[in-house]
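Notes for the one structure printed next.
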Amino acid sequence: WVGLANYRKMFTADPSYWHAVLVTVKFALIATPLKLAAALGVALLLNRERRGTGLFRALFYLPSLLGGSVALAIVWTSIFNRSGVFNAVLAIFGIPGRGWVTSPDWALETLMVLAIWQFGAPMVIFLAGLKQVPTELYEAAAVDGAGPVRQFFKITLPMLSPVIFFNLVLETIHGFQGFTAAFVVSNGTGGPVDSTLMYTLYLFIRGFG
C-alpha cells in the first residue's frame, strides 16, 4: 500500500503521462470533427428514399456495431502493417509502403482513420434529425432561388444544431475513451501510441498492488 504516491509521481515527475495526455487530446480534437463530418455527409446522401437505401444504411452502420473490439483492432493492424493490404495497394501505383501502425509518425493517424471509419452511430442520429426538418422550408427556399449549398448552410445546419451538439459531446467522450485499439496495436506497451487511460490504469494497479 503506497497511498497516492504513484499518482503524485504521475502528475509531478513523470513526463510520459503528460505526453500521453497530449496525444489523447490530439486524437480527440482531430478525429471527432472528421468523424462527425463523415457521418453528416453520408446521412445527407442516405436521407432520401431510393432503391437500396436501407441496405446502404445497414452497411455504413455495421462498423459501429463492432465498437472498440479487439478483433477489429487486430484486423486493422494486419491491414496497415508492412505486409498488409494497404501497402499492397500502394505498391500497384509505385508508392513505397511502411509499417503504418508501428511507425511513431503514422500510428496515431492510422488509429484516427479507424475511429472515423466507425461513424455509423452519429450517422443514424443525423438521419433522425434530418427527418425532423420540415420539407416546407426547402420548398420555400427553392422558390426563393436558394441552391443546395445555400439550403444546407441556411436551413440544414441551423435545424440540426441540437443534434450536432449532442453528437459532438458524445463523440468527444468516446474520443477520450480510446483504449482498445491503442492497446492492441502497441501490444500492450503504449508505444508508438500512448493511451492516457492505459497508463492511468497501469499506475492504479501499481498503486494498490
| message | Taking the alpha-carbon distance from residue 26 and a cut-off under 19 Å, which lysines remain once sequence neighbours fewer than 8 residues away in the same chain are dropped? | response | 35
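Packing-wise, with mean Cβ within 10 Å as the measure, how do 32-38, 154-160 rank, highest first? Before the final figure, lay out the partial values.
Numbers: 32-38: 18.0, 154-160: 15.7.
Result, highest mean Cβ count within 10 Å first: 32-38, 154-160.
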| remark: To the nearest 20 debye, the chain has a Cα-centred charge dipole, built from +1 on Lys and Arg Cβ and -1 on Asp and Glu Cβ, of 200 debye
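Full extension from residue 50 to residue 91: what is 0.36 nm times the residue separation minus their Cα-Cα distance, to one decimal in nm? The partial results should precede the final answer.
Working: separation 41, 0.36 × 41 = 14.76 nm, distance 3.73 nm.
Stretched out fully, the residue 50 to residue 91 stretch lengthens by 11.0 nm.
Calculate, in whole percent, how much of the Cα-Cα pair population of the chain lies beyond 29 Å.
Values: 8879 of 21736 pairs.
Across the chain, Cα pairs with separations above 29 Å total 41 percent.
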| field | At 1.567 mPa s and 4 °C, Stokes D of the range 5-55 from Kirkwood alpha-carbon radius, µm² per second | value | 91 µm²/s
| query | Projected onto the charge dipole of the chain (+1 at Lys/Arg Cβ, -1 at Asp/Glu Cβ, origin at the Cα centre), which of 58, 179, 72 gives the Cα projection farthest towards the positive end? | reply | 72
| field | For peptides 120-127, 95-102, sequence by mean Cβ density within 10 Å, most packed first | value | 120-127, 95-102
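What does the convex hull of the alpha-carbon atoms of the range 81-178 project to on average, in nm²?
Values: hull surface 37.7 nm².
Over all viewing directions, the range 81-178 projects a mean Cα-hull area of 9.4 nm².
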| Where in the range 1-55 are there chymotrypsin sites (Phe, Trp or Tyr not before Pro) that are in a DSSP coil and have at most 16 other Cβ atoms within 10 angstrom of their Cβ? | 1
| message | Using just the Cα positions, wrap the range 20-85 in a convex hull and report its mean projected area in square nanometres, one decimal place. | response | 6.3 nm²
| request: Could you grab the relative contact order for the chain? Cα pairs under 8 Å, six or more apart, rounded to a whole percent. | output: 38 percent
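No value in this document is a laboratory result; all are computed from the given coordinates. These numbers come from a predicted model, not from an experiment. When we count neighbours, we look across all protein chains shown, and the Cβ atoms used for this are built from the backbone with ideal geometry, even at glycine.
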